[in-house]
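Reading through the structure tokens given below for one structure.
Bear in mind these aren't lab numbers, they're just calculated from the coordinates by the rules spelled out. For clarity, every value in this text was computed on a predicted model and none was experimentally measured. In this analysis, Cβ positions are derived from the backbone assuming ideal geometry, glycine residues included, and neighbour counts consider all displayed protein chains.
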Amino acid sequence: MSSALDRLIKPHGGELVDRTGPRPDGVDSLERVVLSSRELADLDMIASGALSPLSGFMGRSDYESVLESMRLTNGLAWSLPVCLAVDEAPKGERVALAGEDGTLYAVLDVAEVYDYDVKREAELCYRTTDEAHPGVAVLLAQKPLYLAGEVTVFERQASLFPELALDPAATRALFAERGWRRVVGFQTRNPIHRAHEYLTKVALETVDGLLIHPLVGDTKAGDIPPDVRVECYHKLIEGYYPADRVVVSAFPAAMRYAGPREAIWHAICRKNYGCSHFIVGRDHAGVGSYYGTYDAQLIFDEFAPHELDIEPMMFEHSFWCRVCGSMASTKTCPHGASDRVVLSGTKVREMLAAGEEPPIEFTRPEVADVLIEAYRP
Ligand SMILES: [Zn+2]
């Protein structure tokens with residue numbers, strides 16, 4: 001078993017971080033810092049090693065280095081700040097980290113408190129300071145100081161989907177048990193229609209296994225809620241994927257909608273879960289028209305291959321072509337737009353809301369049924 005584990009890609013930085021530990025004495029009397037839902041999601045991912053090599057919230061030098069050069073101060077690739085915002089510096093050397101409901105999750109040993117320039121962070125991470133951008137809006141509403149330090153998490157957050165809650169150590173053990181070495185990760189925050197089913201299967205043709213890893217943390221208003229999506233994934237996989245080649249598990253991160261930088265961050269996290277490959281479609285983690293179509297793919301060129309280690313698999317949009325008689329993309333199909341079954345997101349939503357199934361070439365009927373039920377007023 002250990003040799004099967006050794007054959008998997010190494011975690012980012014070489015070791016899987018584990019910041020879980022027993023509840024220390026005297027936690028109840030510590031000063032409390034209340035975390036936002038996104039900060040709590042980050043905390044839990046630090047605990048599980050999903051954000052290896054991070055062992056806590058970032059200090060100023062790492063923060064600056066990540067903003068400026070997409071590397072930690074030790075030179076390791078890292079594309080997004082993972083910070084904890086507070087109103088004021090704590091008085092003690094140790095604080096308790098709590099949720100908005102008062103639940104205590106962790107202690108943080110205070111290393112540093114520093115101020116930061118919100119606009120600069122927005123510009124460098126999101127490439128915009130427009131407050132209509134959902135990630136920038138969260139940033140602009142943050143408290144004014146960052147509190148840095150290592151964390152010890154003694155209370156894990158309850159998962160919305162306990163059956164899908166697998167930490168990096170657990171996905172790695174599962175991959176090893178199945179004898180997989182090359183595993184492709186697929187990030188999604190949408191139901192999987194035929195186009196994305198096709199990408200995952202094309203990728204799976206070249207590797208040992210597929211991790212369908214839907215993000216279940218915060219998303220923006222208007223995105224399809226995770227419980228509906230999870231039901232769609234189950235129906236799709238039951239009907240159309242070989243069970244012994246696929247693992248479905250929840251990715252607990254909150255969406256930042258940082259486009260290119262988030263694509264790198266998503267890839268690094270999936271490396272920690274044991275993926276050797278990562279699917280990057282057009283406009284990965286994008287929103288509105290803030291990023292160019294290929295920006296999230298091109299940004300991988302800013303890293304030498306060994307820096308990320310995980311291999312991005314870049315894809316074009318795909319569709320059913322009536323002449324090819326198959327799924328295809330502009331890379332593989334020579335026919336025209338009128339031969340292709342392409343529907344806009346708006347059109348699909350209208351059809352579903354009207355109780356109408358999209359064409360079978362666009363969505364599997366089992367998935368359409370779940371969505372129609374969810375859209376029913
Ligand atoms: Zn064609």
query: Cα axis of helix 37-48 to longest principal axis of the chain: angle in degrees, 0 to 90, nearest 10?
result: 90
- request: State the extension gain, in nm to one decimal, for the chain segment bounded by Asp115 and Thr206, taking 0.36 nm per residue of separation less the distance between their alpha-carbons.
  value: 28.1 nm
- prompt: By how many degrees, between 0 and 90 and to the nearest 10, does the Cα long axis of helix 260-272 differ from the longest principal axis of the chain?
  reply: 80
message: Counting only pairs 8 or more residues apart or on different chains, how many lysine pairs in the chain have their Cα atoms under 21 Å apart?
response: 9
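Ranked from highest to lowest mean number of other Cβ atoms within 10 Å per residue, what is the order of the peptides 210-217, 296-303?
Ranked by mean Cβ neighbours within 10 Å, highest first: 210-217, 296-303.
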- line: The size of the Cβ-based charge dipole (Lys, Arg +1; Asp, Glu -1) of the chain about the Cα centre, to the nearest 20 debye, is 1020
task: Compute the distance in nm between two label points, each set 7 Å from the Cα along the Cα-to-Cβ direction, one at Lys331 and one at Asp223.
output: 2.5
- request: Sort Ile224, Ile192, Ile264 so the one with the fewest other Cβ atoms within 10 Å of its own Cβ comes first.
  value: Ile224, Ile192, Ile264
0 to 90° range, to nearest 10: angle between helix 60-69 axis and the chain longest Cα axis: 30
- request: Filter the trypsin sites (Lys or Arg not before Pro) in region 1-106 to those in DSSP coil with at most 10 other Cβ atoms within 10 Å of their Cβ, and list the result.
  value: Lys91
- request: Between Glu15 and Ser61, take the C-beta separation as r, use R0 = 30 Å, and let me know the FRET efficiency to the nearest 0.05.
  value: 0.90
- prompt: In the chain, what % of DSSP beta bridges are antiparallel (nearest 5)?
  reply: 55
message: Less than 12 Å Cβ to Cβ from Asp301, Lys/Arg counted +1 and Asp/Glu -1: what total charge do the surrounding residues give?
response: -3
message: So if I take the centroid of the Cα atoms in region 107-174 and the same for region 303-321, what is the distance between those two points in Å?
response: 25
- prompt: Hey, with R₀ at 30 Å, roughly what FRET efficiency would Thr128 and Glu31 work out to, going by the Cβ-Cβ distance, to 0.05?
  reply: 0.25
